[in-house]
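What follows is a set of notes on a single structure, which appears directly below.
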Amino acid sequence: MELDETALRRTSLAHQQRMHWELLTRALDDPSLAEVMDPYDKGIPAERRRQFIYANAWYVYLYHVHQAGLVSRDELYAALREYFQSPIFREYWEASRHMRASLDADSADARMGRMVDGLVEDIDAADTDEWWVVGTPPSD
C-alpha cells in the first residue's frame, strides 16, 4: 500500500512538472501569455521578466529532480552553484524574494530557498575565482 502511494505521488509530481513546463513554454513563446502570470515588478523590462520566468523554470526543474530523488543534495548544490554564476539568474533570485517570503517556513520549498540564499551569500563572500568549490551543501 505504501509503495502504491509513493508511486502515485511520483507520477503526480512528474505530471505536475510536465504541466508547469508546458505552461511556461507557452508564456515564453507568447509575451501576451507571459503577462498573465508575471509576478515581477512591472518596472523591470518585459524581456528581463521573461528571462526571470525562464530562470524560474530551471529552478523549479532542479527542485523537482531533487525531490524525486534523481539528484542528490550535493548534485543539486553543484548545479545551483553553476546557475548562480549567471547575473540574470541572480537578479531573478532577488526579484523573486517576495514570493519566497510567503512560503511556510517548514516547507521543503522554504528550506531549499534558505539553502540557496546561503549559497548566494557564500558566493558573494568567496575570495576565489574557483566558484565551483564555493560553499558546502547543508546536511539534511
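The values are calculated or read from the model by the stated rules, or taken from the named source; none is laboratory data. All values derive from a computational prediction rather than experimental measurement. Heads up, the Cβs are rebuilt from the backbone with ideal geometry, glycines too, and the neighbour counts pull from every protein chain shown. Quick note on the areas: whole protein, heavy atoms, side chains included, nothing else; ligands and nucleic acids left out. Shrake-Rupley method; radii C 1.70, N 1.55, O 1.52, S 1.80 Å.
May I ask you to list the residues in segment 33-62 that are without any contact (Cβ under 8 Å) to a residue 40 or more places away in the chain, more than 19 Å from Leu23 (Cβ to Cβ) and either under 12 Å from the mean Cα position of the chain (by Cα) or open to solvent by 90 Å² or more (accessible area, probe 1.4 Å) (or both)?
Across segment 33-62, the qualifying residues are Lys42, Glu47.
Kindly establish whether Val65 is over 15 Å from Gly113 (Cβ atoms) and open to solvent by 30 Å² or more (accessible area, probe 1.4 Å).
Working: over 15 Å from Gly113 (Cβ atoms): yes; open to solvent by 30 Å² or more (accessible area, probe 1.4 Å): no.
Spelling it out, it is not the case that Val65 is over 15 Å from Gly113 (Cβ atoms) and open to solvent by 30 Å² or more (accessible area, probe 1.4 Å).
Name every residue in segment 89-118 that is more than 13 Å from the chain's Cα centre (by Cα) and open to solvent by less than 70 Å² (accessible area, probe 1.4 Å), in order of residue number. Steps first, please.
Within segment 89-118, the first condition is being more than 13 Å from the chain's Cα centre (by Cα), and the residues that meet it are 98, 101-107, 118.
Leu103, Ala105, Ser107, Gly118, listed by residue number.
Which condition does Gly69 not pass, out of (1) on the phi > 0 side of the Ramachandran plot; (2) over 20 Å from the mean Cα position of the chain (by Cα), if it passes all the others?
Only one criterion in (1) on the phi > 0 side of the Ramachandran plot; (2) over 20 Å from the mean Cα position of the chain (by Cα) is unmet by Gly69, namely (2).
If I filter segment 110-140 down to residues being acidic (Asp, Glu) and either within 17 Å of Ala79 (Cβ to Cβ) or in a loop (DSSP other than H, G, I, E, B) (or both), which single residue comes out as modelled with the lowest pLDDT? So that I can check it myself, show each step before the final result.
Within segment 110-140, the first condition is being acidic (Asp, Glu), and the residues that meet it are 117, 121-122, 124, 127, 129-130, 140.
Remaining after also requiring either within 17 Å of Ala79 (Cβ to Cβ) or in a loop (DSSP other than H, G, I, E, B) (or both): 117, 122, 127, 129-130, 140.
On the way: Asp117: 94, Asp122: 89, Asp127: 78, Asp129: 75, Glu130: 73, Asp140: 58.
Only one residue tops the list, namely Asp140.
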